[in-house]
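Written out below as structure tokens is the structure these notes cover.
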Number of protein chains: 2
Amino acid sequence: MMQSTKRATRALRFNARAFSTSAHFAAPSSLSINADRLWETLHETCKWGAAHPYGDNPRDTGMARLTLNDDDARVRRWFADEVQKLGCSLSVDQMGNMFARQSGRLESTAPMIAMGSHLDTQPRGGVLRTMKENNFKTNFDVGIVNWTNEEGARFPKSMCSSGVWAGAVPIQKAWDLCDIHDSNVTLRSELERHGFLGDIECSSDPETGYPLGAHFELHIEQGPILPETGRSIGIVQGAQGYRWLTFTVHGKDAHTGTTPFSARQDPLLAASKMIAASNAIAKQHGALASTGIIKVPSNASTNTVATNVTFTLDIRHPQDSVVHTVQEVCLREFGAIASEDGKGVSFDWTLDTDSPAVKFDQDCVASIKAAADCLVGPEKSMLMTSGAGHDTVYTSKHCPSAMIFVPCRDGVSHHPTEYCSPEDCALGTQALLEAVVHYDESKANKGSGV
Amino acid sequence: MMQSTKRATRALRFNARAFSTSAHFAAPSSLSINADRLWETLHETCKWGAAHPYGDNPRDTGMARLTLNDDDARVRRWFADEVQKLGCSLSVDQMGNMFARQSGRLESTAPMIAMGSHLDTQPRGGVLRTMKENNFKTNFDVGIVNWTNEEGARFPKSMCSSGVWAGAVPIQKAWDLCDIHDSNVTLRSELERHGFLGDIECSSDPETGYPLGAHFELHIEQGPILPETGRSIGIVQGAQGYRWLTFTVHGKDAHTGTTPFSARQDPLLAASKMIAASNAIAKQHGALASTGIIKVPSNASTNTVATNVTFTLDIRHPQDSVVHTVQEVCLREFGAIASEDGKGVSFDWTLDTDSPAVKFDQDCVASIKAAADCLVGPEKSMLMTSGAGHDTVYTSKHCPSAMIFVPCRDGVSHHPTEYCSPEDCALGTQALLEAVVHYDESKANKGSGV
């Protein structure tokens, strides 16, 4: 904990120097996140849903707080209490999204500058508390959003409620999502049971919904690039495009002992070569291509060539054109592979998801870059593209948005051993605070400049 | 049908010429299988179990007569009636194996020369009927064995009862086999229900069991070699060796969008390369290597690198040393593949089945070759090695044994469209008859030569 405080101190000193040599850098907020309290708060809220212990320390656990289960309802009520203690107003929309709003000194009616997060697994915060205890007033209203069902682990649609808010997911479809273990329970029935079905329309519409002035999100990287390059802040300027395809390779079942290679139509051999080829093709293009699922029919046996094989392909790159090219080259190469062995196989495919690349707002990115440069300097931060989907990908369609990444141990996420150090939690929260303050300040300056 | 008869006539003429020019050839039996009746009999018995129609003709069906179900009991009773009408004695052992025995003219007590088959899917015969109606007497006793549960489709152990007979499968284990759809039903309980639990020990022991003097088996090739090379009789001189291995490749689950290739431990990519490599290695050695099953954990998803992958490997070659070499080269190559991508994967493996190559009896093979040369000539027959397991593989351990293959359409077996033409059924049965007569004659000559 002391280390975290020290680093913040060092960072402020560093920033002071940086500020003196470059006009690009905004002055730091002079606010400092209380790392000890932040860490305590994180673990306090983790009592609702701690699971999957992996070490000796009682805090060495994973978290399994599923959307709108009893633990999630408890942490939502805790969140409501805490933000109200800070003097925030709280709004809840029809998807149970919670909007905590702290007034700015301008008493502007402009939509608030939001820090988005999701409590269904990890709580975050500390910024509003720090502002409050320092009596710090932003120009515009700022606040926190708790987006419902980001993970999609209980109700299988990730970024579900930011998707509704952005108009990308129909609300009825979201409400009708069933608990994966109990089809009698829907997302809507759980919203009602816990009293989180709000009146406000879940939309960015200024008339009927809850529009946002900006959206900043702090997240662990979920990858190894920051730890491996020794950086502590990722300035996320967009999200890579991705396409999910499912391939079915059709062969013919045959006895493995009596059928020479020349007479076979072996879909599993072909699929194996296709998977290996997609990896090589993605490497050549600096893209990613991954197969997570492969299936043979349930009656497959050791001594029978399979009838058919299904596998998924997930292609990603920050540029849509590269995603497209990798897909095209894969299809061409798969066609060649299909005729390579024995009597050949056939295949068909479906495009299940097509998520174009997203560019985040330049001003938001600039505010995060300013914060990162202040706190750790350019050599300890880097511009990045998010590999995964996040609520911010949806908010970016309706308000200026960007994200901050902090390192997580070994790049591991979605696993009980997912871990972000107290220092990086504090540093990330400090960066979030600085970015919001910088953005608020810039916006006020622009406004006054008109 | 006419064609089949014509062919038999041609064959006899051909044989006469062959005989006149080579002392190696035995005289033909002068018996001729009644192809029409054989075909009718095959379809008569198929009324018990016809299933999976694939064409317009009522006979365009598959067969699904599972071991010891009611249809199988009916065809067993039909078989018992028919062989008793022919004057055969019938014995049933503790595995329900049925031994039909026709006395030879020498009234020898030597174990009978058997034609083995299994009625659990296909009936066969015609040989004994043909001998009977021609008043033809072999020297030694000859007969038919109906081996119980050859297919292993209902009670999951193929060649189960010839295995017990050969001492390779403990009888209790065979009796305890459960119906794959109803664990309350065992092979023994079905033997009892239908009255086919005999008193004779299921063994080749001359004191307590039912020893055989020889074992000939007629079977479809289950592969494409005969049809593709335009041959009509395969003289099977042995069965290839095979090993079944199961590999588990251990990786680490990771987000496909956020984890660069360099940081991955992707077991599915590695398994794909291993499967492709095993195919290439087998080709280099003129062997077979096949993967029929691949599995990822049930929680696998499109955007997650799998935790681990399991796949089977089936390696075959007529020489055990080549099977061994292919396995060794695969293991070495798999080791290299495991460290090829990202942070590498680990793998372990088990040897589930090790079935050494089998060489059939030279005299039995010679008798089949003599029959084939007579019937179709050397250019229409060929020496072969069986790729699949058969009852004869077990009998060969305790009595002189060999097999005859006839072509099946497109090499397809274990499928409703499995089909052997009336001509090939008749020709195969004729070859079986000639081989048994030749073997019986040779044995008598040897005996008289002593």
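The values are calculated or read from the model by the stated rules, or taken from the named source; none is laboratory data. This is a predicted model, so every value here is computed, not measured. Here the Cβ positions follow ideal geometry from the backbone for every residue, glycine too, while neighbour counts run over all protein chains shown.
Summary table below
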{"quantity": "The one condition in (1) assigned by TED's automatic domain parsing to the domain that holds B:F216; (2) in contact (Cβ under 8 Å) with a residue 24 or more places away in the chain; (3) touching a Pro at 6+ places or on another chain (Cβ under 9 Å) that B:D320 fails to fulfil", "calculated": "(1)"}
{"quantity": "Test: residue in region B:343-359 that is out of contact with any Leu (no Cβ under 9 Å at 6 or more places or on another chain) and farther than 26 Å from B:L313 by Cβ", "calculated": "no"}
{"quantity": "Cβ-Cβ under 6 Å pairs, at least 6 apart or on other chains, region A:354-374 side over 17 Å from A:H438 (Cα atoms), far side of a type in the set (F, W, Y) and not in a helix (DSSP H, G or I)", "calculated": "A:S355/A:Y242"}
{"quantity": "Where B:R154 falls short, out of the listed (1) under 26 Å from the mean Cα position of the chain (by Cα); (2) closer than 18 Å to B:L433 by Cα; (3) surrounded by fewer than 24 Cβ atoms within 10 Å (Cβ to Cβ)", "calculated": "(2)"}
{"quantity": "Hits in region B:381-396 - residues which are more than 20 Å from A:T256 (Cβ to Cβ) and either within 10 Å of another protein chain (Cβ to nearest Cβ) or surrounded by fewer than 22 Cβ atoms within 10 Å (Cβ to Cβ) (or both)", "calculated": "B:M382, B:L383"}
{"quantity": "Residue selected from region A:260-291 under the condition modelled with pLDDT of 95 or more and part of a loop (DSSP other than H, G, I, E, B), by the criterion farthest from the other protein chains (Cβ to nearest Cβ)", "calculated": "A:H285"}
{"quantity": "Unique residue being crowded, with 16+ Cβ neighbours inside 10 Å and on the phi > 0 side of the Ramachandran plot when the list is A:M159, A:M112, A:M98, A:M131", "calculated": "A:M159"}
{"quantity": "Filtered residues of region A:160-188 (kept if in a helix (DSSP H, G or I) and aliphatic (A, V, I, L, M))", "calculated": "A:V164, A:I171, A:A174, A:L187"}
{"quantity": "Residues located in region A:189-203, provided they are surrounded by 20 or more Cβ atoms within 10 Å (Cβ to Cβ) and either assigned to a helix (DSSP H, G or I) or at pLDDT 95 or above (or both)", "calculated": "A:E190, A:L191, A:C202, A:S203"}
{"quantity": "Verdict on B:A371 being surrounded by 17 or more Cβ atoms within 10 Å (Cβ to Cβ) and more than 9 Å from every other protein chain (Cβ to nearest Cβ)", "calculated": "yes"}
{"quantity": "Yes/no for B:T325 being touching an Asp or Glu at 6+ places or on another chain (Cβ under 9 Å), outside the structural domain of B:S204 (by TED's automatic domain parsing) and within 15 Å of B:L245 (Cα to Cα)", "calculated": "no"}
{"quantity": "So A:N303, is it at the interface with chain B (Cβ under 7 Å from one of its Cβ atoms), in contact with a His (Cβ under 8 Å, 6 or more places away or on another chain) and either surrounded by 21 or more Cβ atoms within 10 Å (Cβ to Cβ) or modelled with pLDDT of 95 or more (or both)", "calculated": "yes"}
{"quantity": "Region A:308-342: number of residues that are buried (at least 18 other Cβ atoms within 10 Å of the Cβ) and not in a helix (DSSP H, G or I)", "calculated": "12"}
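One line per residue, one yes/no per condition, for (1) under 19 Å from B:Y210 (Cβ atoms); (2) among the β-branched types (V, I, T); (3) touching a strand residue (DSSP E or B) at 6+ places or on another chain (Cβ under 9 Å):
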residue: B:T109; (1), (2), (3): yes, yes, no
residue: B:W147; (1), (2), (3): yes, no, yes
residue: B:E150; (1), (2), (3): yes, no, yes
residue: B:A153; (1), (2), (3): no, no, no
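For every residue, the table says whether it meets (1) under 26 Å from B:D440 (Cα atoms); (2) in a loop (DSSP other than H, G, I, E, B); (3) more than 10 Å from chain A (Cβ to nearest Cβ).
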site	(1), (2), (3)
B:P206	yes, yes, yes
B:E217	yes, no, yes
B:Q222	no, yes, no
B:G234	yes, no, yes
B:Q237	yes, no, yes
B:Y242	no, no, no
B:L245	no, no, no
